[in-house]
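Have a look at the structure below before the remarks.
Nothing in this text is a laboratory measurement; each read-out follows from the coordinates by a stated rule. This one's a predicted model, so the numbers in the text were calculated from it and none came from an experiment. Neighbour counts are summed over all protein chains in view; Cβ atoms, including those assigned to glycine, are modelled from backbone coordinates with ideal geometry.
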């Protein structure tokens, strides 16, 4: 039996401050995300997941502070999920069902390196 490893999915999308989803669209998004996360949880592969807000600050190497979140290539990280999988390929297969892809976003899947105490 293989020992499962942890992988992080980083969800990115292009923010559009002018777009205001309807109540029906917001409910559909909640259902889509609930189904995606629930499916992974039912397989006992979910470790944790977080949705990120739009409030933040960036701290540079010289300790200067800039208001706002990082938007690179017109995309920002909207959240993350840590999953348990036997391989990077298995984690990628899970990520292919992410609702962020339907929104034109992307998912980056990375291995997690444990920090020894």
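Going through (1) assigned to a strand (DSSP E or B); (2) over 16 Å from residue 41 (Cβ atoms); (3) out of contact with any helix residue (DSSP H, G or I) (no Cβ under 7 Å at 6 or more places or on another chain) one by one, residue 114 falls short only on (1).
Only one of the listed residues (105, 53) is out of contact with any helix residue (DSSP H, G or I) (no Cβ under 7 Å at 6 or more places or on another chain), exposed (fewer than 10 other Cβ atoms within 10 Å of the Cβ) and within 23 Å of residue 32 (Cβ to Cβ). That residue is 53.
Which ones in segment 63-96 are part of a loop (DSSP other than H, G, I, E, B) and under 12 Å from residue 9 (Cα atoms)?
Matches in segment 63-96: 96 only.
If we keep just the residues of segment 1-50 that are surrounded by 11 or more Cβ atoms within 10 Å (Cβ to Cβ), in a loop (DSSP other than H, G, I, E, B) and in contact (Cβ under 8 Å) with a residue 40 or more places away in the chain, which is farthest from the chain's Cα centre (by Cα)? Per the stated criteria, the residue is 4. Taking the stated definitions as given, is residue 107 within 14 Å of the chain's Cα centre (by Cα) and under 22 Å from residue 3 (Cβ atoms)? Criteria not met by residue 107.
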